[in-house]
Amino acid sequence: MPAPIDVYFWPTPNGTKITVACEEMGVDYNLIAVNIGTGDQFKPDFLAISPNNRMPAIVDPDGPDGKPISVFESGAILQYLGRKTGKFYPQDERGRVEVEEWLYWQMAGLGPMAGQANHFRTYARQMLADQRNVAYGAHRYVTEYQRLAGVLNKRLKGREFVAGDYSIADMASYPWARGMAMLNPGIHEGFDDLQAWIARIGERPAVKRADEKGKELVNTAANAGAAGEQARNVLFGQRAQR
Ligand SMILES: N[C@@H](CCC(=O)N[C@@H](CS)C(=O)NCC(=O)O)C(=O)O
């Protein structure tokens, strides 16, 4: 029985990619809370694993050569887990390239644009005096997100999943697309194939289990709190550290 993998986690879209992957792949894992609203991401122990101060990250005690390995960046973690288990990450070169194209598309496009769209639309208005810059920022990222959602919708026409069979490429984009729909009702209007794909993946038992675990983690007394102003101060005033 392989030792469980430690998953440093908070139930955001990037965190959820990894719990979904572990559930889908049947990987045994421990959740370790990184409460980003109270600043756990800046603790020195976490920084040793994730030098970018961002979750998710994992530590696999049974890494290459049987020695522990830590991995940060959700795309790198998905690839690591896919290679380790041989699941949801094709081994033939053509299939693998297709999955990687859509995985990197999510990492460089869908996730960052959705994250910034939500930042400007939801949070920056409350923090900045210069509303004109906020309005332009929100417009820029929301329209770019919509362009990307259109690309995904087109890709999904006549396809059940993003790249061949269900894969880590679906696991990467799903939590972001679902989160955008929740925070911005109507944003996927007219994107019927995208909406059907979100619903299809949401029905998977492993995805439901991953969501349950995220909720349980947040609801435990030790992790409660840090909403509203406190979380905003932790998350949105960050500067370079020297
Ligand atoms: N490119 C990174 C992004 C990770 C990321 O931005 N994580 C956010 C939560 S979704 C975080 O840790 N935020 C803490 C903060 O902003 O201080 C990945 O995909 O792993």
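Laid out as a table, the results:
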{"quantity": "Qualifying residue in region 15-38 (condition: within 10 Å of the ligand (Cβ to nearest atom), within 18 Å of the chain's Cα centre (by Cα) and assigned to a strand (DSSP E or B))", "calculated": "no"}
{"quantity": "Residue 123, sole failed condition from (1) in contact with a Lys or Arg (Cβ under 9 Å, 6 or more places away or on another chain); (2) in a helix (DSSP H, G or I); (3) buried (at least 17 other Cβ atoms within 10 Å of the Cβ)", "calculated": "(3)"}
{"quantity": "Where residue 97 falls short, out of the listed (1) among the β-branched types (Val, Ile, Thr); (2) within 16 Å of residue 152 (Cβ to Cβ); (3) surrounded by fewer than 20 Cβ atoms within 10 Å (Cβ to Cβ)", "calculated": "(2)"}
{"quantity": "Filtered residue count, region 124-175, keeping only those that are basic (Lys, Arg) and within 25 Å of residue 97 (Cβ to Cβ)", "calculated": "5"}
{"quantity": "Candidates 58, 77, 5 - the one that is under 19 Å from residue 112 (Cβ atoms), at pLDDT 95 or above, β-branched (Val, Ile, Thr) and in contact with a helix residue (DSSP H, G or I) (Cβ under 8 Å, 6 or more places away or on another chain)", "calculated": "77"}
{"quantity": "3 or more residues more than 16 Å from the ligand (Cβ to nearest atom) and farther than 23 Å from residue 77 by Cα: qualifying helices (runs of 4 or more DSSP H) within region 165-242", "calculated": "192-202"}
{"quantity": "Matching residues in region 48-87 - criterion: being loosely packed, with under 15 Cβ neighbours inside 10 Å, more than 10 Å from the ligand (Cβ to nearest atom) and part of a helix (DSSP H, G or I)", "calculated": "64, 65, 66, 83"}
{"quantity": "Residue in region 132-148 that is without any contact (Cβ under 8 Å) to a residue 40 or more places away in the chain, more than 25 Å from residue 11 (Cα to Cα) and touching a Leu at 6+ places or on another chain (Cβ under 8 Å) present", "calculated": "yes"}
{"quantity": "Selection count, region 142-164, where residues are among the acidic types (Asp, Glu) and in a helix (DSSP H, G or I)", "calculated": "1"}
{"quantity": "Among (1) hydroxyl-bearing (Ser, Thr, Tyr); (2) within 12 Å of the ligand (Cβ to nearest atom); (3) in a loop (DSSP other than H, G, I, E, B) - the single one residue 8 does not satisfy", "calculated": "(3)"}
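The values are calculated or read from the model by the stated rules, or taken from the named source; none is laboratory data. Model, not experiment: these values are computed from the prediction. Cβ sites come from the backbone with ideal geometry, for glycine too, and all protein chains shown count toward neighbours.
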